[in-house]
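The values are calculated or read from the model by the stated rules, or taken from the named source; none is laboratory data. Fair warning: this is a prediction, and the values are worked out from it, not measured in the lab. FYI the Cβ positions are ideal-geometry reconstructions off the backbone, even for glycines, and counts take in every protein chain you see.
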Amino acid sequence: MSAASTPPPRLGRYYNNDSRPATPRHSLFWPVLIFLFGAGSLSFYQVITMEDRWDEVTQTIDNMDTQVKRGQYEKAKFFTIARDLLLLAPKDTNANNVAVYYKLKELQQAQPELMALNTAADLPVANATPKESLTPTNATPVEPTPATNGAPVPAKP
């Protein structure tokens, strides 16, 4: 062989005279460190994003809660008034006309549980009766006391 066909010997930090590396040129420390840093950053970002979305959903549900309660109240009030109209309809022609016009009898047949005399426990009562008895409206007025700051009632002759 001629000298021109043989490569020159590589002399350097990582090579011996045999042209074979004595130690590896690179290690896996830096790629693994970069991968772990990226994976940790991605996990942190996903957790923060999920918490933000959870807060948005919670706020939306809290805002809807008042509307739902108002809707349940209106529904209970409507069915209470409709039930009272249906109870009054046989005795009063105006109540009967309203019940016929708004088709409350068909509604009572379609949804008897909503039109029942006892209201559901989860629905608020629109016209609850007081526990103590009321005085009749045509009773004589009570004399005001100084604590009420009311005007005195004139004596009847």
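Condition check: at pLDDT below 90 and either surrounded by 12 or more Cβ atoms within 10 Å (Cβ to Cβ) or assigned to a helix (DSSP H, G or I) (or both). Does ASP62 satisfy that? Steps first, please.
On the way: at pLDDT below 90: yes; either surrounded by 12 or more Cβ atoms within 10 Å (Cβ to Cβ) or assigned to a helix (DSSP H, G or I) (or both): yes.
Against the criterion (at pLDDT below 90 and either surrounded by 12 or more Cβ atoms within 10 Å (Cβ to Cβ) or assigned to a helix (DSSP H, G or I) (or both)), ASP62 qualifies.
Look through region 56-87, keep the residues that are under 12 Å from LEU104 (Cα atoms) and free of Cβ contacts under 8 Å to residues at least 12 places away in the same chain, and return whichever of them is farthest from the chain's Cα centre (by Cα). Before you say what the answer is, go through the steps one by one.
Here is the first cut: in region 56-87, the ones under 12 Å from LEU104 (Cα atoms) are 78-87.
The next check asks that each one be free of Cβ contacts under 8 Å to residues at least 12 places away in the same chain; those that pass are 78, 87.
Details: PHE78: 24, LEU87: 37 Å.
The selected residue is LEU87.
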